[in-house]
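As structure tokens, the structure follows; a few thoughts come after it.
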Amino acid sequence: MRSSVGVSLGTCGIRTARTTEDGAWTDGTPFDDWQLSPTAADVARVVRGIVDSPDAPQSLGVAYRTPEERTGITDALAEEYVSDVHLIDRTGAAMEYLRPGLPSHHRTIALFDAGETGVDVDIVDVESGRSYGSARTTAMSGASFDAVVREHILGLGIVRSPQSRDEDSALTAFCRGIKEALSSHLTTSTPDGEHILLERHIFELSIARSTEQAAETVRQLGLEAEFYPDAVIAIGGTSNVPLVRATLERFLQLPVVVPDRPELVVAGGAAVHATHVDATHVPPPRLAPPRVGTAGHDRATDRRRHRRDRTVHRTRIQRRESTAEHARQRR
């Protein structure tokens, strides 16, 4: 079964998504999702690993953030001797993934990409993919949400302040786990249940102002754009936080859609893009070389030669007969 893999590069990790002909999606993490500041070379190594795997896909796409990043990824792929990888910008990749599922009356959308270090907002025409304006805010971010949880946990006194880089990384991962758990639970506690770690409503009180500032960024951009959006599509891992969607709906009075696994939308769109490119690429026809020395060629040549020889022979006979007749008349 044919498959396609998409890769997206974020501030703190590289994500991959695979799609197959039957529409099934799977995701994978080639290396630590939260490795800080992955580079174009990291992307190329991930792609190299995908290409070399036993279940290598038939199509491969990579989403980039900036033109400079595109150049870096292109050069890094060349260093890894990897070709036939289709690159697409993040907004374009997101639209490739989202477009088939959007209602027809959503002609213009606000793409709200909430990541680890901030939020990128684009007002986009759904059909053409044209951008009517873009903005970025760092008022809200995954890192700032993690910091809120971290401050709360340290304030409880149940863990000590980290004394080393490893301890700091462990605490960051622990706090991120709490944040993610609050997306689907109203409260979190220690494994033995003896201590309540953090309740959702306490967490939301701490992040309310930052989510409102991000929503205000969308509203201002929409007012400045050529067309005001018909809906907001929230993607990126931070969009999993329930208050993000609720605040956008309250501030903008617009439908807000958070796709399943919003953190995989860009990688998934890169996979879809690669599939489309390869499906529409028709290689030039390969012309068969002329058949030289075949039996058919010989027969055709013989027939032409035979006709030519018969014509020459007939002409010669006619000339001889004419000469003989002329000689008889002279006698």
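The values are calculated or read from the model by the stated rules, or taken from the named source; none is laboratory data. None of the values given here were measured: they were computed from a predicted structure. All Cβ positions, even for glycine, are placed from backbone atoms using ideal geometry, and neighbour counts span all protein chains on display. With ligands, DNA and RNA removed, areas are computed over all heavy atoms of the protein, side chains included. Shrake-Rupley method; radii C 1.70, N 1.55, O 1.52, S 1.80 Å.
A crude spin-label estimate for the pair residue 11 and residue 230, with each label 7 Å from Cα along the Cβ direction, gives 3.2 nm.
I want the local charge near residue 210. Using Cβ-Cβ distances under 12 Å, sum +1 for each Lys or Arg and -1 for each Asp or Glu among the other residues. Could you put the intermediate results ahead of the total?
Numbers: positive: 209; negative: 204, 212, 216.
Computed value for this residue: -2.
The alpha carbon radius of gyration of the stretch 159-285, expressed as a multiple of 2.2 N^0.38 Å, is 1.45. Taken along its principal axes, the alpha carbon cloud of the stretch 118-170 reaches lengths of 53, 21, 15 Å, longest axis first. Peptides 211-222, 191-202, 48-59 ranked from most to least packed by the mean count of surrounding Cβ atoms within 10 Å: 211-222, 48-59, 191-202. Peptides 65-76, 153-164 ranked from most to least packed give 65-76, 153-164, packing being the mean of other C-beta atoms within 10 angstrom over each peptide's residues.
Think of a 1.4 Å ball rolled over the protein heavy atoms: the stretch 152-218 then has 59 Å² of accessible area per residue.
Approximating the spin labels as points 7 Å out from Cα along Cα→Cβ, the residue 199-to-residue 134 distance works out to 4.2 nm. Shape descriptor for the stretch 68-187: Rg over Rh equals 1.10 (Cα atoms; Rh from the Kirkwood inverse mean 1/r).
Considering only protein heavy atoms and a 1.4 Å probe, what is the carbon-and-sulfur percentage of the accessible area of the stretch 98-162? Using a 1.4 Å probe with all protein chains present, the stretch 98-162 comes out at 48 percent carbon and sulfur.
Measuring r between the beta carbons of residue 185 and residue 246 and using R0 = 22 Å, the FRET efficiency lands at 0.85.
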